[in-house]
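> Here it is, the structure in full.
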Amino acid sequence: MPTVTLARHGEVAVATLDNPPVNALSATLRGDLAAAVVQAMADPAVTALVIAARGKAFIAGADISEFGKPPVAPLLPEVLESVENAGKPVVAAIEGVALGGGLEVALACHGRVASPAAKLGLPEIKLGLIPGAGGTQRLPRLIGAAAAFPMMLSGEPIPAQKALALGLIDRLVESDAVGAAVALARELAARGAPAKTGGRTDRLTAADREAFEALAKEALAKSGEMPNVPALVEAVRGAFTLTLAEGLARERALFVALVADERSKALRYAFFAEREAAKVPGIDDSVKPRPIARAAVIGAGTMGGGIAMCFANAGIPVTLIETSQQQIDKGHARVRDTYGFSVKRGSMSEEARERRMALITPAVGLAAAAEADIVIEAAFEEMGVKREIFGALDRIAKPGAILASNTSYLDLAEIAAATSRPADVLGMHFFSPANVMKLLEIVRPAGVAADVVATAIALGRRLGKVPVVVGNGFGFVGNRMLEARTRAAERLLVAGALPHEVDAALTGFGFKMGPFAMSDLAGNDIGWRSRKARGKSAAVADALCERGWFGQKTGRGYYRYPGGARTGERDPEVEALIAEVSASKGVSRRSFTAEEILARLLDPMVNEGARILEEGVATRAGDIDTVWLNGYNWPAWRGGPMHWAESVGLDVIVRRLERQARESGDASLEPAPLLRRLAAEGKGFFAVRAI
Ligand code: T1G
C-alpha cells in the first residue's frame, strides 16, 4: 500500500499520507512524500501542493523505532528542504496531532491550516532529544523564540486555538481542513513566490532574544543530568546568531549526538516499554471492556480520596463511602483541600474544582455502592477487613459490577473467595498520591474474567494512568522489589553504612529520595505493622519503632525533624542505636562507597525482578521497568531496574550477588536461576517473554 497518494483538487495537488497507526515518518513515508513533492512541482498543471493525512494523527513524528539504526535516505531534513524550497506553495492541512517531525513538516510548509481538535507540539525533549529537522530554527522564526523555547522545553502539545493565537497556524477551520488548505494554497499561488518560514527574521527581535535568554538561564539551572536542555538552548540561540543553513547544521549535529546518548536510549526504550505493557496475554481487541458510567470508592482516607479524585478528574461520577458521617466529612473535606492546593497554585480554576467536587458524592454505608459499575475498595490493609467488605459488596453491588481492591500486597484470590462472583474481582493498585502517580498495577488473580481485566486496563487509561497487568503474588511487582531494597538497606546499616550515606547514594543515582527519608515520610510504623503481621523483623527499623520514632509525623525517625522540618537532620542517637545493633550481631562495622551501596541496594531488586519474570508475575522485563518508572520515581533517563541491569551487565550482577550472599549468609541473595542462565548465555532480559 502506498503511504502517500497524490490527487488533484483543480490546479492544486493534495498529497495524503497514510501510514497507520499514527503516520510516523518511516523511511518509506519519507521517500513517498519526497516523491510526491517532486511530482507535484514537475507538473505544469499544478500551481500548489497540500499535505494532508488519514487517521487519528496528522504525523506523530519521526519513527522512533528507527533511531539507533543506520539512517535510511531520504533523511527528514532533506525532505523538508525540498518542501521549503519548492517552487510552488505547499500548505499543511492538520487534523489530529502534529508532533515532532510532524510539526516540522508543517513548519517547512508555506502555510498551515488546522481543525479545532488538532494539537501541535515538539515532544523530543521527553525522549532525551531536541527537534532534529528544523524545529529549533523554524519555530522561533514563526512565533518568536520566547514562545517557541517553552514549547520545546516542556514537550507539551498546544491546542489549535493557541497555535492560531501564536501565529503557528494561519487558519483554524471547523470542518474540511483539506478544502481550506486548498483555498489558502490557491491564494498563496496567486501571490507568487511562497514565503519561507526559514527565511523570516521579523520575530527574532532584540526583545525576543532577551526574553529567550532569561528563559534559557532558568531552564539550565534546572536541567540536572540531562544534556538535551543545554543542547536545546544552544540550538535555539543559533536562530539569532547563525544563518538558517548554519543553524540547521548546528541543530543536526546536536541532535545526532543526543540520539547516541545512553540517557536518550533509555527514554526511547521506556516509551515503547510503556506501550508494550498494555499488550496482555489473552486480552486482545476481541475482549470488550464493560461500560463504566459510575464508580464507588470504599474508604475516604488518603488513598480512597485520591482514587475518587481520579474518577472526578476523568468526568466519571463517583460515590465516596465511609463508615460514619464524621469519617466521610473528614475524607470529603480532605479532597476539597487537595483540589484547593491546585487552585492556590493556579493550575486549576475554582469552577474546575467545583465541577470535580460535584462529581464526588459522599455517603455512609456500603449500600451507596449499589448502582456503581465498578467499586474500588481502599480500606484498612487487613485481610479480615477486606473479606468482610467484599462479602457485603457481593450482596449489594449490581450484577456485572466489577469489585476491585486497592490492596498493595494482599492475596486477591483470598479476597475474591469472600464473594459469589470471583470472576468479577481483581486488584487495582494505585500509588500514593493516587491523584498524581501514573502507575496502576492491575492484579490478575487466577479466576478473574478476561473482560474484567480489559475493563480495568481501559478504565486505567481513561483515568490517565499507566496500567500494568501483574500476577497475584505477594507485593505483586513494585512492592515486592521495594521490599528487597528495604531489606538491603537495613543490611547496609548493620554492616556499617549510615542512613544519610545510603540515601545520598540513591539520590546521587537520580532518585528524588533515598529509602530512609522515604520511610520517615510515609511513616516507619507502616513497615513495622506489616513485618509483625508476617512474623518478620528488621533490627534497626524495629528498634526505631519501639521508641515511637515513626518519622516526620513524630518529629523523628531515621532523622530528626526539628520544629516540623520537612528535611531531616542526622540523629546521633539513631547512629548510636545502629552501632549497638551491629555490636549485638557481632558485626564489625566498615565504611561503604556510594558505588558499593548502589550495588547492594539495586542488585537484589534486579534479582527479585528475575524471579518475578520466572514466575510469570510480570509478562516481560519492560513491564517491570514501566512499574518502577511510573510508581517509584526511578530516574526516567536510566530506563528502569531491568534496563539498568543490562547496562551494568547481568554477569557482573550475578558475581556481586554471589559475593553478597556469601558475606551475609542470606540465601535470598543467591542469583535467581533465570538471572544466572541469561548471564551465562551472555543474553539480556529482553529476550525473555514469560508467556
Ligand atoms: N514512532 C513510532 N511508533 C510510534 C510513534 C512514533 N513516533 N508514536 C506512536 N507510535 C506507535 C506506538 O508505539 C503504538 O504502537 C501506536 O503507534 C499507537 O501509539 C525528527 C526526532 C501520537 C499521541 O514523541 O505521543 O519526531 O503499540 O498507543 O495513545 O525532530 O503515540 O500499536 O504497536 O501511543 O493514541 C516525536 C510519540 C518523535 C510522539 C498517539 N514524536 N507518540 O497516542 O497511541 S521524535 C513523539 C505519541 C521526532 C524529529 C524528532 C502517541 C500519540 P503499537 P499510542 P495514542
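The values are calculated or read from the model by the stated rules, or taken from the named source; none is laboratory data. Model, not experiment: these values are computed from the prediction. Note that we place each Cβ from the backbone using ideal geometry, even for glycine, and neighbour counts take in every protein chain shown. Note: accessible area is taken over every heavy atom of the protein model, side chains too, but ligands, DNA and RNA are not part of it. Shrake-Rupley method; radii C 1.70, N 1.55, O 1.52, S 1.80 Å.
> Going by amide H atoms built from the backbone, whose H comes under 5 Å of the H on ASN472, apart from near neighbours?
For ASN472, the qualifying residues are ARG444.
> Still on this model: Can you tell me the 0 to 90 degree angle between the C-alpha axis of helix 650-664 and the longest principal axis of the chain, rounded to 10?
So the inclination is approximately 20 degrees.
> Further question on the same structure: With a 1.4 Å probe and every protein chain kept in, tell me what percent of the accessible surface of the chain is carbon plus sulfur. Walk me through the numbers before you get to the answer.
Details: 15760 of 28120 Å².
After summing per-atom areas, the C and S share lands at 56 percent.
> Related question: Say the cut-off is 30 Å between C-alpha atoms; which of LYS217/LYS512; LYS162/LYS288; LYS330/LYS553; LYS279/LYS532; LYS386/LYS585; LYS265/LYS465 go over it?
LYS162/LYS288; LYS279/LYS532; LYS386/LYS585
> So, for the chain, what is the accessible surface per residue at a probe of 1.4 Å, expressed in square angstrom?
41 Å²
> So how much slack lies between MET357 and LYS683, counting 0.36 nm per residue of separation and subtracting their Cα-Cα distance, in nm?
112.2 nm
> So how strong a dipole does the stretch 295-475 carry about its Cα centre when Lys and Arg Cβ are +1 and Asp and Glu Cβ are -1, to the nearest 20 debye?
540 debye
> OK, next. Among 468-476, 589-597, 407-415, how do they line up by average Cβ neighbours within 10 Å per residue, starting with the highest?
Working: 468-476: 22.0, 589-597: 14.4, 407-415: 19.7.
Taking the mean over residues of other Cβ atoms within 10 Å, the ranking is 468-476, 407-415, 589-597.
> On a straight-distance basis, which aspartates and glutamates could pair with LYS683 in a cross-link, Cα separation under 13 angstrom, same-chain partners fewer than 8 positions away excluded?
Partners within reach: GLU646, ASP651.
> What are the residues whose amide H is under 5 Å from the amide H of SER405, where those residues sit 5 or more places off or on another chain and H is modelled from the backbone?
Residues meeting the amide H criterion: GLU377, LEU426, GLY427, MET428.
> Another question, if that's okay. Under a 5 Å amide H to amide H cut-off, with H placed in plane at 1.01 Å, what residues pair with LEU120 once short-range neighbours are removed?
Placed amide hydrogens put ALA98, ILE158 under 5 Å from LEU120.
> Would you work out the charge dipole size for the chain about its Cα centre, treating the Cβ of every Lys and Arg as +1 and the Cβ of every Asp and Glu as -1, and quote it to the nearest 20 debye?
Using only the charged Cβ atoms, the result is roughly 380 debye.
> Given the protein chains as shown and a 1.4 Å probe, how many square angstrom of HIS9 are accessible, to the nearest 10?
Estimated to the nearest 10 Å², HIS9 gives 80 Å².
> Another one. What order do TYR269, TYR561 take when sorted by accessible area (1.4 Å probe), most exposed first? Let's see the in-between values first.
Values: TYR269 45, TYR561 10 Å².
Solvent-accessible surface, decreasing: TYR269, TYR561.
> Also, I was wondering about something else. Helix-only mean residue ellipticity at 222 nm, the chain, DSSP H runs n ≥ 4 weighted -39,500 (n - 2.57), per residue, nearest 500. What is it? Walk me through the intermediate numbers first.
On the way: 28 runs with 340 residues, N = 691.
So the calculated ellipticity at 222 nm is -15500 deg cm²/dmol.
> Please compute the contact order of the stretch 295-475 in relative form: average sequence separation of alpha-carbon pairs under 8 Å and at least six residues apart, divided by the residue count, as a percent.
Answer for the stretch 295-475 is 21 percent.
> Given Cα pairs under 8 Å that are at least 6 residues apart, what percent is the relative contact order of the chain?
9 percent
> Could I ask something else about it? How much accessible area does ASP284 have with a 1.4 Å probe, in Å² rounded to the nearest 10?
About 90 Å², rounded to the nearest 10.
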